[in-house]
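Every number in this text was worked out from the coordinates using simple rules, so none of it is lab data. Quick caveat, the model's predicted, so the values are computed rather than measured. A quick note on method: Cβ atoms are made from the backbone with ideal geometry, for glycine too, and the neighbour counts reach across all protein chains shown.
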Amino acid sequence: MTDLTGAAALSIDVEDWFHSENVKAVVPRDSWDGCVSRVARNTERMLEILAKRNTPATFFVLGWVAERFPHLVPAIAAAGHEVASHGYGHELVYRMTPEAFAADIDRSRKLLEDQSGRTVLGYRAPCFSITDWAVDLLQEAGYAYDSSMVPALAHDRYGRLDAVDGRQPIIRLREGFDEVCVSCLQVGSRGLPWGGGGYFRLAPYALWLRGVAAIRRSGQPYVFYIHPWEIDPDHPVPPGMSAVNRFRQRVGLNRCEDRFAAIAGDFEWSTIESLIDRWRGAEAAPEAPPSVIAAQTNERRS
Ligand SMILES: [Zn+2]
């Protein structure tokens, strides 16, 4: 296995503000089409920020979004980023039946492959709600990796995988199927979520970087995630949100675009696909044009 010291993968979960688990209780699914959408504008802004810094990323795109904004996935792919799947309808995995989950991941994968013209290898569960039975179905559907584990102390929404012990950032779950964990900072015997989210928006940036440096010093890759709605402090605040959910959704939004722009330029990032290639010791090709990456990807999967 390759030494991953210094490796870092940047990922973006492309969904609208009303898909967030924080607002789900007050914005029912059947009202989504009536909500003011801001995902296209925010994703385009992120693409500009990444382009200025020549930074590649993995975009886990929600099928619901790809279907309504069909220009987004081609724009992401044309910019050389990896297109991966965030499922179709943003249901928590452990609340779905296996049949419903299989249909959800199949629908999103086909849609994203049609729009990008490339094989979709990766999946990230809504709110990191992965389960062991879902991994089998992901592999059957043609996915090659999952990135839905935050090996942290207990969280009220996150899922679990039995094989994850918190010390291995990338794990071979099955032959031909890997888990890429979102980073945690080891504090004593516990992992603190240090891969993004409210912690990223709340902590002083210098402190955040010190945590990232500690993760990288330990020989682990750094795996970061963010949502387009996090760089948009003007997205709507629906009435009726609980104080806790309002805090989780809104904390630090005002400074998050600047912070995202800073972190996008502060490290040498790769896609998650390239990170796995490096981990396997295979020859990663981050400088290759997208067509070459796609050809290699197809070759590896055939
Ligand atoms: Zn999500």
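Points worth noting:
- All C-alpha pair distances within the chain, sorted into 20 Å bins from zero, spread as 36, 61, 3 percent across the bins.
- Per-selection Kirkwood Rh - the range 168-212 (Cα, Å, 1 d.p.): 11.9
- Within a Gaussian network of the chain (alpha carbon springs, distance under 10 Å), most fluctuating of SER148, SER218, SER31: SER31
- All distinct Cα pairs of the range 23-89 go into the 1/r average, and the inverse of that average, the Kirkwood radius, is 13.0 Å.
- In the chain, the DSSP beta bridges split such that about 30 percent are antiparallel, to the nearest 5.
- Helical contribution to [θ] at 222 nm, DSSP H n ≥ 4, -39,500 (n - 2.57), averaged over the chain, rounded to 500: -11500 deg cm²/dmol
- Order by protection proxy (mean Cβ within 10 Å, highest first), peptides 70-80, 49-59: 49-59, 70-80
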